Every structure is written in structure tokens, then in C-alpha cells.
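Notes for the one structure printed next.
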């Protein structure tokens, strides 16, 4: 029986690693005792008492490996094995044992100078400062944070523009860069269509639709919701358009936004006119028939994808419109026939802000005013966002609902509660709902929703934004929704058009 | 730990000091087991001791503070914070549940504590247990005196 020990000065491994190494040493042939502990006086005393560490001197922050075994060779082999195990760095999720992750943008840049994009998600007060650091290191930036003052946004965007870099954001929730989804984004195959989007869920609807139509996306560049304001002047959208024009993999460009400020719209139009790449636009709320210049204007989000795919495949870009045709009418007529006289109203409960906006526009264009917490022009603001009146379409992802709560795309609990509330209202004739799939969104979008829909007296029309490649699997989500009686539309605009059809027939009773 | 508990109960400062000296830095782990138990004990004594018995924490805290050179830097830091009244969220939740929660809440909080670290959570729970017994005994003693 012999013993041996080794002291590793100032070595820190977490307890799991220390225990794992101890038990590995014990399993070695010829080893009868093994201890890997911090060399505190109490532990050293114990080791010495046990005859494992004669003559050991160490300080409390040292690590001591002590073994006892059949002979010197076994002990030496065990100590060598310990040295090897201590030197090991786990390849992936080694927790505290892994290499310290970079704690600043500069540190990351020093480790890998080829980095050229920083994703920033810190409280809004600090986001601009972090973005400027990244820009000065030659990186483009995606700022997930919101609540960045306009003046700071302008400063950051100008600094980037001077260096031929782009700022995606602030408040940029969605981008797909070189095929990699960032933030809330869907699994979309790569292809010839480049997207520049000021709206996160709008970009998701367009890119997911492109994928479902069998085409693909080269890049989806987010700009943040304020980019097309007069103050910012569309700096990021204009740069995104230039980059996509120069990108050999992009043959069609889609712009997604609410209507830009007129001066910005003029700049965007002028730039589009000078591009060899055709440009499709969906400016939600603008009349596509009034679009000027070289831009192919779409009437809704999904239609912009349809037009872009047609152009990419060499077909003419013809707008299909949103008429509810014969086949679609039967189940909608059934809803109307089953409605009691008191059931008169459409209640839209959305997790995607742009879906809420677009649904209001579609209903508005068909003569229906709705109340909302985020009303479009012509609609009225709810006095109490918790209480629906008449036709109501709410965005559960807006600040009024998300203070201190996760966004409903991450945790649909609040959205489901609101749906249950609407379902219990005897005046509700129809629920209008979106389900947003993809990275960033909840992996379980349905369990609460299905509970409501199965109990719900009023019918439900649901739009599922996502692709077959998304981690939540669009097909099984759609099937589950249909199994509990919901009508599932192909697009958000179609869902809203269906709702408008039902509302029209209910009003005519 | 049991010896320390008895020494605290009879306010035997000398014995408390020698028990702490042998516990600090004792055992496996980056934060040795003895240190974890002391953190658990300190948390209970500071948060749950009846108003009449702040002396429990006052007796133990300074003794621990004197022995910090006997353990590794990281663990010494945890002990230093614990002496100053700062412990992990899970331990705080457990103390709160023990003070004002139901049995189920206390059980769930204890399970959370045990789940932390490799053995640190279980070691801390040993200290918590010891502390709860001390606090209960002290409260019973106070009642006897009052009667």
C-alpha cells in the first residue's frame, strides 16, 4: 500500500467536476482511495490522518489530488490520469468548467477578429452604447432591445452608415442572416428573395410564406420599427436595399413596413428605381393601387411573398386579392347559421403585433370598425384594454399587456386567458387568433389554446405563421387546431377576410 | 455540525470556535461541505431566530469570519456574504417557507435547495436542519422562562 499526492496551485473546478474526477480515479486498477479536494487545513488534516498526504503543504485555494494504491506505479498512473482529467475542457455545455464566455464585445472581437455582426439585447438605456462599441470594432449590429431614444438610434445608425455597416433595430425582433434565424424567426430554406423588414412578425409572415411556396430567402434584414420615420429617414432600409442589390444570391427584394413617412417613401422609391433587382413592397395600410414608380406593391403580407416568388420564378407578378370564394364559404356560412342572435361580434386576440394591425386593416377595408389597444387609422382605442366591446382586435404583445410579463409568443398564457374571456362572452360570434411558430416562440403554443377552443361555443379562425421546418412542426399544429373545430387559414390576411365575411353575413341577418 | 449545534445551544463560545475551525474548509467540492453547512446554519439563525435570540447569529457569525483563511477563496467569499446576511435565493425561499409557508411549500423549497450544486445543496440543508432545531429549542426555552 503506497500513497501519492499532487498539488495544483490556484485551481478551480466546480464540485461536479471534482466529484467526477474522484470517482474516475477510484475506478482505476489498483487504486483503493482517491480524493480530489480543495487544500483547506481541515481537508489536509483529514488526508494526512488517512495517510494519503504525508508532508503535504498547500494553501486553501489549491487543489490537492491524493490517492492510495497497491503500488507506486498505480498511484503514479492515477495522478497522471487526474492531471489529464483536470486539463480537460468539455466540448459543449461544460457549465463553469467551460472557457469563460466573452463578457464584452471587444473581448469577443479579440478572440475572433472575423466576427462582423453583434446581437445586442440589453436594457434600452445601454443598448446604443454597446452598439457604438460594436460599430467601432467594424461590426454590423442587431439591436433586439427596445426603448432606445430616437436621438440615440440616429446617432448609432449614422455611425454605422459612415462605416458601410448596418444597424438592425432598435426593437428588431426578427432577422435571418446567412440562413441563421436571429430572434423570432422561422426555419426558412435559402433562396433568391431578400427581405428588408421594419416589422418582426411581418417579416416572419413573408419569409415563412416564401418557404411554404417552395422558394427561399437569401437574407432577411430587420430595420426596427422606427427606421422609416422622418427622424431616422430609413437609413437601415436604404442600406439593406443596397446590400441586397449587390448580393449575387438575391434576385428579388421585398420591403415590409407600415407606410413610411412621405419623405422617406420618396427616398425608398428613388432607390428602388435605380436598382436592377425588382422590388416588391408591402406597406401595411397604404393603398397598393396608388404605388408609384418601379415598386410592385402588394395588398397584404402574404401577397408580397406570392408576388416575390412569382418574380423570382420568372412569372408575372399578378395580385390575387382577398375575395372569399365558393369553397371557402361553406364552413363560414355554417358559423353564421350556428350563431345565436346575440352572437354578433368578431374578437381578435393576437400575439403578433403586425398580424393584429393587418387584421384590423382587412376588416376596416370591408367596412368594419374594431376597437383595439393598437388601433389602425379609423379604429378607436379601447377605454379599458382588459374589456372588449363590439368588434375588438387586441395585440397581446403590446406594452399594456406585457409589463412584467413575457411576450405572448414566448408564453401564450395571457393570450389564452383573454381568449377564454372572449369565448365566455355571449356576444362573441367568432374568435380570430394567430399562432406564431419558429425559433424564439414557445415550443408549446397549443396546450392552453386547445383547451379554450375545445370548450369554446363561438367558432374560431386561426392563422398559423410558420414552416414545415420549424421546430414546432406546422403540419401537426394545424392538424391539432382543426381537430378541435378551428378553421385554419393559409395566411393572416385570409383569416381576417374570412372573419370579415362572417361579420358581413351576421350584420345582414 | 451536531457538536456545533450543541455548543451554540449552551452558548459555549470556546467549543463553538473549535467546531467552526474544524468545519470550515472540510470536505469535497469547490465549496467544501463544512462551509455549505455553515452557510445554511447562518441563514436560518439570521432569518428565523426569535426576536429574543439574536445572540445565536451573533455568536456564530464572527467566529466564522475569523476562520475564512482556512478555506478556498470562492468558498470564503460565500461564507463572508453569509455572515453579512446574504445567501442564495433558494435558501432565502426555504427560510421564508419555513417561517410562513405550508408544509408543501417548505418541502418544495427544500427540494430546490438540495437540487443546487453537486452536494452543496444537501450540505446546506444539513445546516438548515441544525439551525431549525436550535431556533425551536430556543423558542421553547423562552416560553419556559416566561411561564
Of the residues B:122, B:110, only one is over 23 Å from residue A:13 (Cα atoms), modelled with pLDDT of 90 or more and in a helix (DSSP H, G or I); which?
B:110
Taking the criterion of being within 12 Å of chain A (Cβ to nearest Cβ), in contact with a helix residue (DSSP H, G or I) (Cβ under 6 Å, 6 or more places away or on another chain), more than 18 Å from residue B:121 (Cα to Cα) and crowded, with 21+ Cβ neighbours inside 10 Å, would at least one residue in region B:1-19 satisfy it?
yes
Over region A:68-81, the set of residues crowded, with 18+ Cβ neighbours inside 10 Å and either out of contact with any strand residue (DSSP E or B) (no Cβ under 9 Å at 6 or more places or on another chain) or assigned to a strand (DSSP E or B) (or both) is A:68, A:69, A:81
Any idea which of (1) farther than 19 Å from residue B:125 by Cβ; (2) buried (at least 18 other Cβ atoms within 10 Å of the Cβ); (3) modelled with pLDDT under 90 is the one residue B:56 doesn't satisfy?
(1)
Which condition breaks for residue A:130 when tested against (1) part of a helix (DSSP H, G or I); (2) over 19 Å from residue A:409 (Cβ atoms); (3) under 22 Å from the mean Cα position of the chain (by Cα); (4) in contact (Cβ under 8 Å) with a residue 40 or more places away in the chain?
(4)
Give region A:28-47 a look and list any residue that's part of a loop (DSSP other than H, G, I, E, B) and more than 9 Å from chain B (Cβ to nearest Cβ), or say none.
A:28, A:29, A:30
Could you list, in sequence order, all residues of region A:337-364 that are over 11 Å from residue A:434 (Cβ atoms) and touching a strand residue (DSSP E or B) at 6+ places or on another chain (Cβ under 8 Å)?
A:338, A:339, A:343, A:344, A:345, A:346, A:347, A:357, A:360, A:363
Residues in region A:176-217 that are closer than 24 Å to residue A:258 by Cβ and assigned to a strand (DSSP E or B) total 12
Of all residues in region A:154-169, which are under 21 Å from residue A:397 (Cβ atoms) and either at pLDDT 95 or above or not in a loop (DSSP other than H, G, I, E, B) (or both)?
A:168
Selection over region A:136-153 where residues are in a helix (DSSP H, G or I) and closer than 18 Å to residue A:108 by Cβ yields a count of 1
Can you name every residue in region A:48-67 that is more than 9 Å from chain B (Cβ to nearest Cβ), within 55 Å of the chain's Cα centre (by Cα) and crowded, with 22+ Cβ neighbours inside 10 Å?
A:64, A:65, A:66, A:67
Single unsatisfied condition, residue A:400 versus (1) part of a helix (DSSP H, G or I); (2) surrounded by fewer than 20 Cβ atoms within 10 Å (Cβ to Cβ); (3) in contact (Cβ under 8 Å) with a residue 40 or more places away in the chain:
(3)
Evaluate region A:478-485: report whether one residue or more is outside any strand (DSSP E or B) and within 19 Å of the chain's Cα centre (by Cα).
no
Out of all the residues in region A:1-26, which are within 12 Å of chain B (Cβ to nearest Cβ), in contact with a strand residue (DSSP E or B) (Cβ under 6 Å, 6 or more places away or on another chain) and assigned to a helix (DSSP H, G or I)?
A:15, A:18, A:21, A:22
Does residue B:94 count as buried (at least 20 other Cβ atoms within 10 Å of the Cβ), away from chain A (no Cβ under 14 Å) and assigned to a helix (DSSP H, G or I)?
yes
Those residues of region A:466-509 that are closer than 22 Å to residue A:216 by Cα, touching a residue at least 60 places away in the same chain (Cβ under 8 Å) and surrounded by fewer than 18 Cβ atoms within 10 Å (Cβ to Cβ) come to a total of 4
Would region A:423-441 turn up any residue that is on the phi > 0 side of the Ramachandran plot and either part of a helix (DSSP H, G or I) or modelled with pLDDT of 95 or more (or both)?
yes
Condition first: touching a helix residue (DSSP H, G or I) at 6+ places or on another chain (Cβ under 6 Å) and within 21 Å of residue A:146 (Cα to Cα). Now tell me which residues in region A:375-400 satisfy that.
A:395, A:396, A:397
Just to be sure, is residue A:212 surrounded by fewer than 24 Cβ atoms within 10 Å (Cβ to Cβ), at pLDDT 95 or above and under 14 Å from residue A:466 (Cα atoms)?
yes
If you scan region A:403-430, which residues turn out to be surrounded by 23 or more Cβ atoms within 10 Å (Cβ to Cβ) and touching a helix residue (DSSP H, G or I) at 6+ places or on another chain (Cβ under 7 Å)?
A:408, A:412, A:416, A:419, A:428, A:429, A:430
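The values are calculated or read from the model by the stated rules, or taken from the named source; none is laboratory data. Note that the coordinates shown come from a computational prediction; the quantities given were computed from them, not determined experimentally. Note that each Cβ is placed from the backbone with ideal geometry, even for glycine, and that neighbours are counted across all protein chains shown.
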